[in-house]
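Enquirer: Would you mind keeping the following structure in view while I ask a few things?
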Amino acid sequence: MKIAADRTRCEGHGMCEALLPSIFRVDDEGSVTVLTDQVTEAEVDDVRLAVESCPVEALRLSGSA
């Protein structure tokens, strides 16, 4: 699976970073950065939770896992 972030949509709420700081980082301007674009099998459920927790739907997953 791959993670994509729409930085123009991100409002810096930080839900993703709070759940998975090893994968998501919200910068001082309030935009998310995905630290890796590949999700391991062990991370899939946690990443899905982070994606679904984004209040502005700035994150999405693609591919299969």
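Enquirer: Which of (1) surrounded by 12 or more Cβ atoms within 10 Å (Cβ to Cβ); (2) outside any loop (DSSP other than H, G, I, E, B) is the odd one out, the single condition GLU11 does not satisfy?
Expert: Every condition holds for GLU11 apart from (2).
Enquirer: Only one of these is open to solvent by 40 Å² or more (accessible area, probe 1.4 Å), without any contact (Cβ under 8 Å) to a residue 12 or more places away in the chain and not acidic (Asp, Glu): ARG25, ARG48. Name it.
Expert: Checking each option against the conditions leaves just ARG25.
Enquirer: Given (1) more than 12 Å from the chain's Cα centre (by Cα); (2) among the acidic types (Asp, Glu); (3) modelled with pLDDT of 95 or more; (4) closer than 16 Å to LEU61 by Cα, identify the lone condition not met by GLU11.
Expert: (4)
Enquirer: Suppose the filter is open to solvent by 90 Å² or more (accessible area, probe 1.4 Å), touching a residue at least 12 places away in the same chain (Cβ under 8 Å) and in contact with a helix residue (DSSP H, G or I) (Cβ under 9 Å, 6 or more places away or on another chain); does ARG60 pass it?
Expert: yes
Enquirer: I'm checking my understanding of the structure. Among residues of the range 28-37 that are in a loop (DSSP other than H, G, I, E, B) and in contact with a Lys or Arg (Cβ under 8 Å, 6 or more places away or on another chain), which one is least open to solvent (accessible area, probe 1.4 Å)?
Expert: Restricting to residues being in a loop (DSSP other than H, G, I, E, B) and in contact with a Lys or Arg (Cβ under 8 Å, 6 or more places away or on another chain), the top hit is SER31.
The values are calculated or read from the model by the stated rules, or taken from the named source; none is laboratory data. Just so we're clear, the structure is a prediction, and the values are computed from it rather than from any experiment. Neighbour counts are summed over all protein chains in view; Cβ atoms, including those assigned to glycine, are modelled from backbone coordinates with ideal geometry. Keep in mind that these areas ignore ligands, DNA and RNA; they rest on the heavy atoms of the full protein, side chains included. Shrake-Rupley method; radii C 1.70, N 1.55, O 1.52, S 1.80 Å.
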